[in-house]
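Okay, so here's the structure we're looking at.
The values are calculated or read from the model by the stated rules, or taken from the named source; none is laboratory data. What you see is a predicted model, and the numbers here were worked out from it, not measured in a lab. With ideal geometry, Cβ positions are generated from the backbone for all residues, glycine too; neighbour counts draw on all protein chains shown.
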Amino acid sequence: MEDLEKILKQLYLVSGLNMSIFDINQKILASYPHKKSKFCHEIEKSKASDHCFICDINAMNHVKETGELYVYQCHFGLSEAIMPLYSYGALTGYLMMGQAVIGTYRNYSEIINKSKPYFENEKEF
């Protein structure tokens, strides 16, 4: 796993995106950085974490069915991507990349508005 984390770290340094490897049972095997983004960390502390989990599971199921790279937006509007990993033609896991805000300041406003109900006060943003 140490070598895998080194590769994920290099991908992170080049892209700025969190990188995670999951097995076919959707269990995380390795990730870099080890901490989630500040926004995702705060969201996971709230009741919204179910949305994140469901979104990730749905994305993995989509990739399992199509066998293709899938770029999508999470419940809050952050862009993520997931691709299948194969070994000798058999699906062995997934590489998940994200989260990113793609677009303009309007996109940031939409993300903030979608997440407001999950925070008790605006200082948590």
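Test residue 60 against the criterion of being closer than 16 Å to residue 80 by Cα, among the aliphatic types (A, V, I, L, M) and assigned to a strand (DSSP E or B), and give yes or no. Give the derivation first.
Numbers: closer than 16 Å to residue 80 by Cα: yes; among the aliphatic types (A, V, I, L, M): yes; assigned to a strand (DSSP E or B): no.
Considered against the rule, which asks whether it is closer than 16 Å to residue 80 by Cα, among the aliphatic types (A, V, I, L, M) and assigned to a strand (DSSP E or B), residue 60 comes out as no.
Checking residue 75 against (1) outside any helix (DSSP H, G or I); (2) exposed (fewer than 13 other Cβ atoms within 10 Å of the Cβ); (3) at pLDDT below 90: exactly one of these is not met. Which one?
(2)
Of all residues in region 93-103, which are modelled with pLDDT of 95 or more and loosely packed, with under 13 Cβ neighbours inside 10 Å?
none
Are there any pairs with C-beta distances below 8 angstrom linking a residue in region 29-55 that is within 28 Å of residue 3 (Cα to Cα) to a residue that is acidic (Asp, Glu) and not in a helix (DSSP H, G or I), with the two at least 6 apart or on different chains, and if so which?
29/23
Criterion first (among the acidic types (Asp, Glu), within 14 Å of the chain's Cα centre (by Cα), closer than 25 Å to residue 110 by Cα and surrounded by 14 or more Cβ atoms within 10 Å (Cβ to Cβ)) does residue 56 satisfy it? Talk me through it step by step, then tell me what you get.
Details: among the acidic types (Asp, Glu): yes; within 14 Å of the chain's Cα centre (by Cα): yes; closer than 25 Å to residue 110 by Cα: yes; surrounded by 14 or more Cβ atoms within 10 Å (Cβ to Cβ): yes.
Criteria met by residue 56.
Name the residues in region 78-90 that are surrounded by 13 or more Cβ atoms within 10 Å (Cβ to Cβ) and either touching a Lys or Arg at 6+ places or on another chain (Cβ under 9 Å) or within 21 Å of residue 30 (Cα to Cα) (or both), would you? Before the answer, list the steps.
So in region 78-90, the residues surrounded by 13 or more Cβ atoms within 10 Å (Cβ to Cβ) come out as 78-85.
The answer is 79, 80, 81, 82, 83, 84, 85.
So which residues in region 10-53 are within 13 Å of the chain's Cα centre (by Cα) and of a type in the set (Asp, Glu), if there are any at all?
Listed by number, the list holds a single entry, 44.
Only one residue in 110, 80 is at pLDDT 70 or above, acidic (Asp, Glu) and under 23 Å from residue 13 (Cα atoms), so which one is that? Reasoning before the result, please.
On the way: 110 fails: under 23 Å from residue 13 (Cα atoms).
Residue meeting the stated conditions: 80.
Quick one: would you say residue 80 is under 23 Å from residue 114 (Cα atoms) and either not polar (S, T, N, Q) or not in a loop (DSSP other than H, G, I, E, B) (or both)? It would help to see each step written out before you state the result.
Numbers: under 23 Å from residue 114 (Cα atoms): yes; either not polar (S, T, N, Q) or not in a loop (DSSP other than H, G, I, E, B) (or both): yes.
Judged against the criteria, residue 80 is a match.
Which members of region 2-49 meet the condition of being out of contact with any Gly (no Cβ under 8 Å at 6 or more places or on another chain) and either among the β-branched types (Val, Ile, Thr) or on the phi > 0 side of the Ramachandran plot (or both)?
To start, the set of residues in region 2-49 that are out of contact with any Gly (no Cβ under 8 Å at 6 or more places or on another chain) comprises 2-16, 19-20, 25-28, 30-49.
7, 14, 16, 26, 28, 43 - these are the residues of region 2-49 that are out of contact with any Gly (no Cβ under 8 Å at 6 or more places or on another chain) and either among the β-branched types (Val, Ile, Thr) or on the phi > 0 side of the Ramachandran plot (or both).
If a residue has to be under 17 Å from residue 82 (Cα atoms) and part of a helix (DSSP H, G or I) to count, how many in region 15-39 make the cut?
1
Would you point out the residue of region 35-67, among those that are in contact with a helix residue (DSSP H, G or I) (Cβ under 7 Å, 6 or more places away or on another chain) and of a type in the set (Asp, Glu), that is modelled with the lowest pLDDT?
So, considering only residues that are in contact with a helix residue (DSSP H, G or I) (Cβ under 7 Å, 6 or more places away or on another chain) and of a type in the set (Asp, Glu), the one modelled with the lowest pLDDT is 42.
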